[in-house]
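The next block holds one structure in the form of structure tokens; read it before the comments.
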There are 2 protein chains.
Amino acid sequence: MSSISLSQVQYVLALHRTGSFSEAANACHITQSTLSTMIKKLEEQIDITLFDRKTKPIKLTAEGESLIDQFKVLYYEYDNLIEDIQETRTEYYGTFKIGIIPTLAPFLMPFILKNMVDSHQKVKFTVMEITTEEILKLLKLRELDVGLLSTPVIDETLIQNPLFAEDFLIYDATAVSTKKRKYTVDDIDLSRLWLLEESHCMSFQIEKICHLKKSDNLDTNLIYKSGSILSLINLVEANNGLTLIPRIATLHKGILNSDYLHPIVSPSPAREVGTVTHPNFSKKQLLASLEEKVLSSVMPILRTVTDVKIINPM
Amino acid sequence: MSSISLSQVQYVLALHRTGSFSEAANACHITQSTLSTMIKKLEEQIDITLFDRKTKPIKLTAEGESLIDQFKVLYYEYDNLIEDIQETRTEYYGTFKIGIIPTLAPFLMPFILKNMVDSHQKVKFTVMEITTEEILKLLKLRELDVGLLSTPVIDETLIQNPLFAEDFLIYDATAVSTKKRKYTVDDIDLSRLWLLEESHCMSFQIEKICHLKKSDNLDTNLIYKSGSILSLINLVEANNGLTLIPRIATLHKGILNSDYLHPIVSPSPAREVGTVTHPNFSKKQLLASLEEKVLSSVMPILRTVTDVKIINPM
DNA sequence: TACAACTATTGATGTCATCAATATCATTAA
DNA sequence: TTAATGATATTGATGACATCAATAGTTGTA
């Protein structure tokens, strides 16, 4: 018995479905005589008559009945393979658009982007540093594949996957670390506090940590707001100021004076970082790869902190 | 993208398994150049390079890794289809060997054999009337497909399926039925009792009903033993004798004088009838068909008897 | 550097799938 | 009862595909 072809499987299923040789042939975009010949050939190959031609519409024989489900299963799995192939091509040769918030980008992307490019050499990566609000908007428009941001976001239409929690550290230009003293939230001198501009959710998170409200009348330090963590750090250092720094910033040696860094305890305020995708997002393997690389990158600086309080970004 | 053939699927899996073009070709009984050409063709069709030829042994690319499982699934289902086809051919065109005990055969086979032949017109049926002991032996030798006998049998290596229980009736040539009197086991006049020869388990069952032992010294009636129920019935009638008849014998109108038939109560001794098959028996549909037809045949004479005592055949 | 083992390429050939044309069959209407 | 219609089966020609033999090219080892 020689090989059954997938075309023959397709023809059998079409005839079973339509109950007519001519209709099945049309459905398969071949001529009726081809269909007739190929089904007869299959029946001879396997030495089983699958269809009773005497009935109108054409029906399966008892033997055919006992085999048709497995014909269906086989073709179903062939369909799955074709889909997998399409998806693999898209994943390996298409584009992958990443949106990332500015308070993560400078510390994550230098490490993970090269890795991602190396392991997906035929994928074209596009990275956009934009705010959470803009990321969510572009995800919904399908103009981004994935957002890398502080979770959770309040949006039921998108799929979120939290990856890790990182605590905030006090960065204080006047408090030289002796490494003996433990800091709490109450040690934050609000008169010297610097924040990112309001569109950054980390700014909102810091306000929550410090029990601030938007209408609070603060000192003049808070009037000047910055758009990047690097500017924030420079401002703090130049003005004997103070801010809160996410621990991920410590990945980047050299931009922080480690003498000014102080962990907070009881509790340690923290933010959660994760990915957000559209429900119809299909490049699962690229997403998994990105998530794995993000986790690998932050692993060295993640601490097992027991008394953590996650501060939501919205 | 034109159709992927199952041969190509087979070649991919062989190369993945062996890590060598020449070994894979050997495994598939084709030349190395055919394998090389066909795998390259597939890779061009789907526009994905599946194998990294630089490694020794040859390994899948990352893309290949993400697809290989679905190639495996597809070929597995193709294998299943081939097996189903083989099994269907065997079931519909092969042989079905039935062993049945003589105390069942004359009452069951006339009804069910025609039915079985009608619904499996291409199957060659072989029916052997032999004792339980011989049926079990031939089942184990795979020279029988199924045994139809009194269950349970003491044999863990075979598969049993009990179908129904039938009670024994007294058949007494001297006790004309008035349909008023109820008989119990104690009404059995042992001096007139006739039995089948010892190799028939029904004989054993009757001895148990009557609390007989092999070494019991009975009257001269028991010295002459018969091999068929019909002979038994004739002996009883010709000699004013007595025996026990399974209810299934009442299916056959005309051989029994219904005046001599008496149900037994408190309790009604009964035997269980079922099928026995070898664990590797594969013609499941034929077996199910047989079992269904047996049950349909005995349904008219089966009684809902409440106080039943099953007498085991061994 | 030579050689062995392996994969890739190419042209010839056999096999298979398909089509167009036609034969055959079954059903329906006049 | 015959003719028409719709459907399936058959057949020969043709294009597509799978395969092989021969050879080119590559890689690793002694």
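The values are calculated or read from the model by the stated rules, or taken from the named source; none is laboratory data. On a predicted model such as this, the values are computed, not experimentally measured, just so you know. Virtual Cβ from ideal backbone geometry, glycine too; neighbours counted across all protein chains shown. These accessible areas exclude ligands, DNA and RNA; they are computed on the full protein's heavy atoms, side chains included. Shrake-Rupley method; radii C 1.70, N 1.55, O 1.52, S 1.80 Å.
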So, in the range B:20-40, of the ones that are open to solvent by 10 Å² or more (accessible area, probe 1.4 Å), more than 14 Å from every other protein chain (Cβ to nearest Cβ) and within 46 Å of the chain's Cα centre (by Cα), which residue ends up farthest from DNA strand D (Cβ to nearest atom)?
B:Glu23
Across the range A:41-67, which residue is farthest from B:Ile82 (Cα to Cα) among those that are within 12 Å of DNA strand D (Cβ to nearest atom) and open to solvent by 80 Å² or more (accessible area, probe 1.4 Å)?
A:Lys56
Filtering the range B:68-109 down to residues that are polar (S, T, N, Q) and facing chain A (nearest Cβ under 8 Å), which residue is least open to solvent (accessible area, probe 1.4 Å)?
B:Thr88
Taking the range B:129-154, which residues are part of a strand (DSSP E or B) and out of contact with any Lys or Arg (no Cβ under 9 Å at 6 or more places or on another chain)?
B:Glu129, B:Gly147, B:Leu148, B:Leu149
Determine whether A:Leu60 is aliphatic (A, V, I, L, M), more than 12 Å from DNA strand C (Cβ to nearest atom) and at the interface with chain B (Cβ under 10 Å from one of its Cβ atoms).
no
Pairing a residue in the range A:67-85 that is touching a residue at least 40 places away in the same chain (Cβ under 8 Å) with any residue that is outside any helix (DSSP H, G or I), where Cβ atoms lie under 7 Å and the two sit 6 or more apart in sequence or on different chains, gives A:Ile68/A:Leu60
It is to be established whether one or more residues within the range B:79-93 are under 27 Å from A:Gln8 (Cα atoms) and within 14 Å of DNA strand C (Cβ to nearest atom).
no
Please verify whether the range A:83-98 includes one or more residues that are within 16 Å of DNA strand D (Cβ to nearest atom) and either within 30 Å of A:Ile245 (Cβ to Cβ) or among the charged types (D, E, K, R) (or both).
no
Taking the range A:10-19 and the residues there that are away from DNA strand C (no atom under 11 Å from the Cβ) and within 14 Å of another protein chain (Cβ to nearest Cβ), the one that is least open to solvent (accessible area, probe 1.4 Å) would be A:Val12
Does the range A:297-306 hold any residues that are touching a residue at least 40 places away in the same chain (Cβ under 8 Å) and open to solvent by 30 Å² or more (accessible area, probe 1.4 Å), and which are they?
A:Pro300, A:Leu302, A:Arg303, A:Val305
Out of the residues in the range A:233-281 that are closer than 17 Å to A:Leu108 by Cβ, open to solvent by 10 Å² or more (accessible area, probe 1.4 Å) and not β-branched (Val, Ile, Thr), which is modelled with the lowest pLDDT?
A:Lys253
Residue count, the range B:282-296 (criterion: of a type in the set (D, E, K, R), out of contact with any Leu (no Cβ under 8 Å at 6 or more places or on another chain) and modelled with pLDDT of 85 or more):
2
